[in-house]
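To keep things clear, I will list the structure first and then write my remarks on it.
The values are calculated or read from the model by the stated rules, or taken from the named source; none is laboratory data. Only a predicted model underlies this, so the values are computations on that prediction, with no experimental measurement involved. All Cβ positions, even for glycine, are placed from backbone atoms using ideal geometry, and neighbour counts span all protein chains on display.
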Amino acid sequence: MALLIILALVIVLVLFGIGIYNRLVTARNGFKNAFAQIDVQLTRRYDLIPNLVETARGYLKHERETLENVIAARNSAFAGLKAMAQDPGSAAAAAQLSGAEAGLSGALGRLFAVMEAYPDLKASANMMQVSEELTSTENRVAFARQAFNDAVLSYNNSREVFPNSLVASWFNFEPAKMLETPPAEKREPPKVSFA
Amino acid sequence: MDFFGAQARARQQSRLLSWGFGGCVLAVVMVLDIVVLSALRISNAVGEHREPLEASLTQWAMLHPGTVMLVSLLIGGFIGAASLWRMTQLREGGGYVARSLGGVRVERGTLDAHRRMLHNVVEEMALAAGVPVPEVYVLENEEGINAFAAGHTPANAAVAVTRGALQNLKREQLQGVVAHEFSHILNGDMRLSMRLMGLVFGLMAVAVAGRTLMRFSAHGRRSAVPVLMLGFAVAAIGQIGFWAGRFLQAWISRQRECLADASAVQFTRNPDGLRDALIRAAALGHKRFANTAMEEVAHMLFLAGSTQWFATHPPLLERVRALDPHVNQAQLDSMLRRSRADLERRDEFPMGEDTAAQRPLANMLAMQGTAVPAAAQLIAASAGEPRPGHLDYAVAVRHALPAGLRGSAEDSGQAQALMLALLVFADPAHQHHERQLAVVAAKSGAAMAHRVQHAAQAAASLSPMLRLPAVLQLFPALRTLVPAERLLFIQLLQELMRTDGRFSVFDYTLEKLVTRGLAIQAAPREPHGTLSLEDRATQLGVVFAVLARHGARDAVQARQAYEAGIATLLPRNRPAYSVIDNWAPTFDRALDELCALQILAKQLLIEGLARTIAHDGMLTPPEAELLRAICAVLECPLPPLLPDATDGAGQE
């Protein structure tokens, strides 16, 4: 009788453990997929920016420099992504990419600010389309990052609470790290001159 | 706003309430049990068996466990069956619900700025919420600001917003609304509310059964009173259960709305957008739904009219305060006033045209087929600014295209097949279908050839005026191809054109659009140059001559059309009209050289081309196609060309 009870207890515990294990795996796959999404969105952004800038060029003839900055930032970020793809573990590549990314966001931010300064231009339908696409592209990158961070948070939460923490340590569920945007670049306001 | 905390609270509350709901259903079953068992006991006592009535109901029940089980099972089964029947009714995918409420699907590549923004916002929110992109619909007949999500799994979900929301909300407000709907998708609210609706229906069925019993007792003469009483009791219990169920359902729904608001902030990280959307929607007023079936999805809406107890949504102030705790009633009122004033100002410049105008336009496109009336100033004006008419046009084109040719933004394979089918079958100039299909099979496999064949009928019967729109709507899906696939696809298209031997205007345009639209690298050179029109007079002559010849019936008319266009560009020295044999290579070279024109010169050029096209008052398919190809090569954006008749508003 006692043996049966112990056996039943063990079975319940094992089933419970399997449940926890499966939830952890689901959470881990969740944030991994979220990371893949960031990659997709970054690539999409690199593909799109040259086309959008080409369209904008016709309208922003006096803002050549701003547009060229965007293209240059895009090219360096694209190179960064390629380097990252070749050596995914490298910390230097990651730092380079996130720096280049921040540079690109800043350049695009300045482009938006410049567009704000031309009310007529903003009202033009083509420019509205360009700016809608750019806005959406930027949002996608931001939202993909945010979704990744949210997924990491929920994974880490379910990894660290008791008794999941036991299962997590037995099966080596490593803690995941969130993505951070370099604060200095992000806080820098876009420069607009009305000279 | 602490959105994670708010979500946890709302989840916990609605879980408790769901248990309460289950308890409510159970209570109804138990009370019914007691009523029915009492009835049985009494009838047994007065019947032939003559059981003594002294024993209490509990004792009686102990003596007849089989009967108790049977009765409980029957009652439970009845409620369950009614609920299941209702649930299967609600089981359709989200797209079905949206369409049955008058929703019009929004495709990824739509040309309408508002709808494009909507689709972008939905894709962004899908990323933020980590769910697949749902189908997107616009409820064209709803003027108020509202939205709903439908479908019971994320995979078959649909998000629909009203036309009023599309026209009156700013981007971040729309984002808040869409994010709110995404929360309903992500949190499985559709499934939950489907179950609740089913169970409420089951309880209502009990009440209906009771009433039927009462009516039945009125017909049967004998032993009418006991049956009447039983019927009354059942009806009363069913009705009470129904109201209680409705009440709990509404309460759960309010909790899910709080959850959705909190999740929307998690997705957008922008409580202000959602708050402003709420205020704006309230300021515009609760317009009653034009479609009464809309009430069916009330619990999935963004905003609903409220009757206190059975309100599916929390009151506005509560929702706004959850997003922005500093707001009080007075501030809310002044926000509403300001928003109302804002909306009235916008009313002076209405953006949307009546959608009823779309159907005739669609019919016109489909029937007229060969050519539509056109005026020069309209075509030229098109090159600048899309007007409201264009928005309707995009919708109309979708209506006009046969279903088999509408590409889906997700399926690039289908888009390739449709593009190939259009190339092979849509142009009557091509006759070597078998040979071309063999090429497709050899290059892309038998499956692709089969898909092309499948679309053949639809492509062959397509009106020529719709060939170009049919091609253009495939691009968003084609752009999802990776560079290597793009290259293979372009090569396949070019080989198909060579296989046939004849090279039509449609072929030429298709090739230009595809090579430009699917370019792997952005053009390295500057798209616009510095040259003036005089510097490129010869090339202009070529372009105008080719266009004039393809639009005119005879040589005389072609010459007149040529002069009508080119004279505005080159008033003094211009090349004379000449027929160009084997036009494609010459035309191609001329276009390439025209790329070096200044952007202003290009604008003039397009105006001139429009004059040539409109010289005979008709826009023919080859003209439209050539103009589209020219604009693609010169990198001038060009909205769809509108038929003259539908767009009086453009002419001042």
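Scanning segment B:625-652 for residues that are more than 14 Å from chain A (Cβ to nearest Cβ), part of a helix (DSSP H, G or I) and modelled with pLDDT under 80 yields B:ASP644, B:ALA645, B:THR646, B:GLY648, B:ALA649. Applying the condition of being of a type in the set (Lys, Arg) and assigned to a helix (DSSP H, G or I) to segment B:566-613 and asking which residue is surrounded by the fewest Cβ atoms within 10 Å (Cβ to Cβ) yields B:ARG589. I'd like to know if segment B:22-31 contains one or more residues that are part of a helix (DSSP H, G or I), at pLDDT 85 or above and farther than 16 Å from B:LEU199 by Cα. Yes, segment B:22-31 contains at least one residue that is part of a helix (DSSP H, G or I), at pLDDT 85 or above and farther than 16 Å from B:LEU199 by Cα.
Could you check, for segment B:505-523, whether at least one of its residues is under 40 Å from the mean Cα position of the chain (by Cα), without any contact (Cβ under 8 Å) to a residue 60 or more places away in the chain and part of a helix (DSSP H, G or I)? So far as segment B:505-523 goes, yes, one or more of its residues are under 40 Å from the mean Cα position of the chain (by Cα), without any contact (Cβ under 8 Å) to a residue 60 or more places away in the chain and part of a helix (DSSP H, G or I).
Does segment B:545-560 include one or more residues that are touching a residue at least 60 places away in the same chain (Cβ under 8 Å), within 14 Å of chain A (Cβ to nearest Cβ) and more than 13 Å from B:ASP616 (Cβ to Cβ)? No, the conditions are met nowhere in segment B:545-560. Total residues in segment A:136-149 satisfying the condition of being facing chain B (nearest Cβ under 7 Å) and not hydrophobic (A, V, I, L, M, F, W, C): the figure is 4.
Checked against (1) free of Cβ contacts under 8 Å to residues at least 60 places away in the same chain; (2) surrounded by fewer than 19 Cβ atoms within 10 Å (Cβ to Cβ); (3) out of contact with any Pro (no Cβ under 9 Å at 6 or more places or on another chain); (4) over 30 Å from B:PHE267 (Cβ atoms), A:GLU63 passes all but a single condition, namely (2).
Having 3 or more residues that are crowded, with 23+ Cβ neighbours inside 10 Å is the bar; report the strands (runs of 3 or more DSSP E) wholly within segment B:95-169 that clear it.
Filter on segment B:95-169 gives B:135-139, B:147-150, B:158-162.
So that you can scan it fast, the table gives a plain yes or no per residue for (1) hydrophobic (A, V, I, L, M, F, W, C); (2) within 28 Å of the chain's Cα centre (by Cα):
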| residue | (1), (2) |
| --- | --- |
| B:LEU228 | yes, no |
| B:ALA236 | yes, no |
| B:GLU257 | no, yes |
| B:ASP261 | no, yes |
| B:ASP272 | no, yes |
| B:ARG275 | no, yes |
| B:LEU278 | yes, yes |
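When B:ASN120, B:ASN146 are screened for being polar (S, T, N, Q) and farther than 24 Å from B:ARG319 by Cβ, only B:ASN120 passes.
Taken over segment A:61-77, the residue count meeting the criterion of being more than 25 Å from A:ARG145 (Cβ to Cβ) and either within 11 Å of chain B (Cβ to nearest Cβ) or of a type in the set (Val, Ile, Thr) (or both) is 2. Residue count for segment B:164-203, restricted to those that are away from chain A (no Cβ under 14 Å) and free of Cβ contacts under 8 Å to residues at least 60 places away in the same chain: 4. In this structure, does A:ALA56 turn out to be of a type in the set (Gly, Ala, Ser) and within 12 Å of chain B (Cβ to nearest Cβ)? Judged against the criteria, A:ALA56 is a match. When the criteria are applied in full, B:GLY109 meets the requirement of being under 21 Å from B:SER412 (Cβ atoms), within 16 Å of the chain's Cα centre (by Cα), in contact (Cβ under 8 Å) with a residue 24 or more places away in the chain and within 13 Å of another protein chain (Cβ to nearest Cβ). For A:GLY103, the conditions (1) closer than 18 Å to A:LEU67 by Cα; (2) within 14 Å of chain B (Cβ to nearest Cβ); (3) of a type outside the set (S, T, N, Q) are fulfilled apart from (2).
If you scan segment A:66-89, which residues turn out to be surrounded by fewer than 15 Cβ atoms within 10 Å (Cβ to Cβ), within 18 Å of the chain's Cα centre (by Cα) and either modelled with pLDDT of 80 or more or farther than 12 Å from A:LEU42 by Cβ (or both)?
First, the residues of segment A:66-89 that are surrounded by fewer than 15 Cβ atoms within 10 Å (Cβ to Cβ): A:68, A:72, A:79, A:82, A:85-89.
Filter once more, keeping what is within 18 Å of the chain's Cα centre (by Cα): A:79, A:82, A:85, A:88-89.
Those that are surrounded by fewer than 15 Cβ atoms within 10 Å (Cβ to Cβ), within 18 Å of the chain's Cα centre (by Cα) and either modelled with pLDDT of 80 or more or farther than 12 Å from A:LEU42 by Cβ (or both): A:ALA79, A:PRO88, A:GLY89.
Within segment B:581-609, being modelled with pLDDT of 80 or more, under 18 Å from B:GLY551 (Cα atoms) and in contact with a Ser or Thr (Cβ under 8 Å, 6 or more places away or on another chain) holds for one residue alone: B:GLY608.
Hey, among the residues in segment B:441-485 that are more than 22 Å from B:LEU626 (Cα to Cα) and crowded, with 21+ Cβ neighbours inside 10 Å, which one's nearest to the chain's Cα centre (by Cα)?
Going through segment B:441-485, the residues more than 22 Å from B:LEU626 (Cα to Cα) turn out to be B:441-458, B:477, B:479-485.
Now drop any that are not crowded, with 21+ Cβ neighbours inside 10 Å, which leaves B:452, B:455, B:477.
Numbers: B:VAL452: 26, B:ALA455: 23, B:ALA477: 16 Å.
The residue in question is B:ALA477.
Within segment A:30-51, at least one residue is modelled with pLDDT under 80, within 12 Å of another protein chain (Cβ to nearest Cβ) and touching an Asp or Glu at 6+ places or on another chain (Cβ under 7 Å).
Out of the residues in segment B:526-544 that are part of a loop (DSSP other than H, G, I, E, B) and in contact (Cβ under 8 Å) with a residue 12 or more places away in the chain, state the one that is surrounded by the most Cβ atoms within 10 Å (Cβ to Cβ). Working first, answer last.
Residues of segment B:526-544 that are part of a loop (DSSP other than H, G, I, E, B), as a first pass: B:526-530, B:532.
Of the ones still in play, those that are also in contact (Cβ under 8 Å) with a residue 12 or more places away in the chain are B:527-530, B:532.
Working: B:PRO527: 18, B:HIS528: 21, B:GLY529: 18, B:THR530: 11, B:SER532: 13.
Filtering first and then ranking leaves B:HIS528.
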